[in-house]
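First comes the structure, then the notes that go with it.
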Amino acid sequence: QSFKRITDTDDKIGAFLTLNEEGARKEAQALDAQLASGDERGLLFGIPAGIKDNIVTEGLLTTCGSKFLGNHNPIYDAAVVTKLRAAQSVTIGKLNMDEFAMGGSNENSAYHPVHNPWDLDRVPGGSSGGSAAAVAAGQVYFTLGSDTGGSIRQPAAYCGVVGLKPTYGLVSRFGLVAFASSLDQIGPITKNVEDSAYVLQAIAGHDERDSTSANVEIPDYLSALTGDVKGLRIGVPKEYLGQGIDPQVKERVLEALKVFESMGAVWEEVSLPHTDYAVATYYLLASSEASSNLARFDGVRYGVRADNPSNLLDLYRRSRSEGFGAEVKRRIMLGTYALSSGYYDAYYKKAQQVRTLIKRDFDQVFEKFDLIIGPTAPTPAFKLGEQVGDPLTMYLNDICTIPVSLAGVPAISVPCGLADGLPVGLQIIGKPFDEQTVLRAAHAFE
Ligand code: GLN
């Protein structure tokens, strides 16, 4: 059924990069056999799923949306893929994305853009644009995305679906191709909050192969979905509803807060005073980490290799200039500069210090409040081509998601109505490892 739906819709949407028809058929047959034998079923038994193309899948092409990895067939499964297999979902294919997850519109994919199912002339958001569009278009029931500065939440908002970025460390990054290791997190994109809780339940948990994986007990996320938010204290950052926010988006968020009020929660305006510095801080830190992480793509170990190199340097230089797209090169250059001796203190070190201040903003609000609520993105989905030539404007779309990533806390985007016929996302942010309260509030609201 999923494949039929994909064949019917994906020439218009472009969500998938690789289909796993043969593999999925085998997985489904094995599940049929199990059904006949009457054995206990996994948590996600038989559910068709799609996986962002920066999460490695054994023997199934994993390109990261880059020409560099156009021929890359991994020899192992990412931790989350192993976990999904154990939960018995069926992998339908790999999803389009901005190259190496760098972007907010999916237009940096080296293959083809993704079109927003709500309006084919608009972007689906990014970098997990394929992951959000595939769920919105009903091609699969859930997908995995990755979020470094908003890449799960922002496309979920633009496509009118639910996207959850877990606390940094809750889900193993083993087998996620690293962009900015101190920020990257894998999480589910789903139609509704209950599905999000199911998928999180399946993928969360300690993994010694990821040195930043947290060794925490995994609660029962489904039992958190009580529908009751009475007495919850919500902080609403004034910085998230100020300048640059589309008036209709602001309106939808204020309406959502009324809904919480009517259910017995209370809200108050709060301040996250360092919000203004978040975008600059993020682009310095993420690019610095990326410049280091992407050094492994040298034309020798993975992916494409330049023809007839005259020497080793020529091999590196040509493989990298031919293999990477413009945005990836921009970030490698920025990151290399920020890390270079002489500039390190002024840029990288300073950005690390500001990151601490941003994290403290959140700690302070969470001393008094259970949740922070605001918009996921300042505007609804913009038109394809509208911002692609203007990286700075593009970077500013992340203003509400980036601080959350820098602080490492969990956040979900749930649909909260329309602006000019396009979906708006409500961002519900929680304390570290308190996905239960985030899910509970999101479920009660939707
Ligand atoms: N748009 C942001 C960027 O371009 C976020 C990307 C992400 O979360 N992977 O870096």
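The values are calculated or read from the model by the stated rules, or taken from the named source; none is laboratory data. Worth saying up front: this structure is predicted, and the values here are computed from it rather than measured. Every residue, glycine among them, receives a Cβ derived from its backbone with ideal geometry; neighbour counts consider all protein chains shown. The accessibility values were calculated without ligands, DNA or RNA, using every heavy atom of the protein model including side chains. Shrake-Rupley method; radii C 1.70, N 1.55, O 1.52, S 1.80 Å.
Restricting attention to region 132-176, which residues are within 16 Å of the ligand (Cβ to nearest atom) and part of a strand (DSSP E or B)? Answer for region 132-176, where residues must be within 16 Å of the ligand (Cβ to nearest atom) and part of a strand (DSSP E or B): Thr143, Leu144, Gly145, Ser146, Asp147, Gly163, Leu164, Lys165, Val171, Leu176. Looking at Ala156, Ala136, just one residue is among the hydrophobic types (A, V, I, L, M, F, W, C) and open to solvent by 10 Å² or more (accessible area, probe 1.4 Å), and that residue is Ala136. Cβ-Cβ contacts under 6 Å between residues 6 or more apart (or on different chains), taken from a first residue in region 166-190 that is in contact (Cβ under 8 Å) with a residue 40 or more places away in the chain and open to solvent by 10 Å² or more (accessible area, probe 1.4 Å) to a second residue that is among the basic types (Lys, Arg) and more than 13 Å from the ligand (Cβ to nearest atom), are listed as Phe174/Arg209. Among the candidates Ser127, Ser105, the residue that is outside any helix (DSSP H, G or I), within 28 Å of Gly46 (Cα to Cα), within 11 Å of the ligand (Cβ to nearest atom) and among the hydroxyl-bearing types (Ser, Thr, Tyr) is uniquely Ser127. The residues listed here are Ala306, Ala326; of these, the one that is within 23 Å of Ala110 (Cβ to Cβ) and more than 16 Å from the ligand (Cβ to nearest atom) is Ala306. Kindly evaluate Asp220 against the criterion of being charged (D, E, K, R) and outside any loop (DSSP other than H, G, I, E, B). Taking the combined requirement at face value, the residue does not satisfy it. For Leu406, state whether it is within 16 Å of the ligand (Cβ to nearest atom), open to solvent by less than 10 Å² (accessible area, probe 1.4 Å), in contact (Cβ under 8 Å) with a residue 24 or more places away in the chain and closer than 13 Å to Ala280 by Cα. Here the answer is yes, as Leu406 does meet what is asked. Set side by side, the residues Leu312, Leu285 differ, and just one is more than 16 Å from the ligand (Cβ to nearest atom), modelled with pLDDT of 95 or more and hydrophobic (A, V, I, L, M, F, W, C), which is Leu312. Suppose the filter is within 19 Å of Asn116 (Cβ to Cβ) and either open to solvent by 10 Å² or more (accessible area, probe 1.4 Å) or out of contact with any Leu (no Cβ under 8 Å at 6 or more places or on another chain) (or both); does Glu367 pass it? When the stated conditions are applied, Glu367 does not pass them. Counting the residues of region 223-245 that are assigned to a loop (DSSP other than H, G, I, E, B) and in contact with an Asp or Glu (Cβ under 8 Å, 6 or more places away or on another chain) gives 2. Within region 108-119, the set of residues being in a strand (DSSP E or B) and either open to solvent by less than 10 Å² (accessible area, probe 1.4 Å) or near the ligand (Cβ under 8 Å from one of its atoms) (or both) comprises Asn116 only. Taking Ala202, is it more than 16 Å from the ligand (Cβ to nearest atom), of a type in the set (A, V, I, L, M, F, W, C) and at pLDDT 95 or above? Yes: the conditions hold for Ala202. For Arg440, which of the numbered conditions (1) open to solvent by less than 40 Å² (accessible area, probe 1.4 Å); (2) at pLDDT 95 or above fails to hold? Among (1) open to solvent by less than 40 Å² (accessible area, probe 1.4 Å); (2) at pLDDT 95 or above, the lone unmet condition for Arg440 is (1).
Pairs are defined by a Cβ separation below 7 Å, a sequence spacing of at least 6 or placement on different chains, a first member in region 381-403 that is hydroxyl-bearing (Ser, Thr, Tyr), and a second member that is within 10 Å of the ligand (Cβ to nearest atom); the pairs so defined are Tyr395/Val279; Tyr395/Tyr283; Thr401/Gly149; Thr401/Gly150; Thr401/Arg153; Thr401/Gln154. Residue check: Ile189 meets all listed conditions (1) outside any loop (DSSP other than H, G, I, E, B); (2) over 22 Å from Thr62 (Cβ atoms); (3) out of contact with any Asp or Glu (no Cβ under 8 Å at 6 or more places or on another chain); (4) within 16 Å of the ligand (Cβ to nearest atom) but one, namely (2).
Of the numbered criteria (1) at pLDDT 95 or above; (2) part of a loop (DSSP other than H, G, I, E, B); (3) out of contact with any strand residue (DSSP E or B) (no Cβ under 7 Å at 6 or more places or on another chain), the one Arg41 fails is (1).
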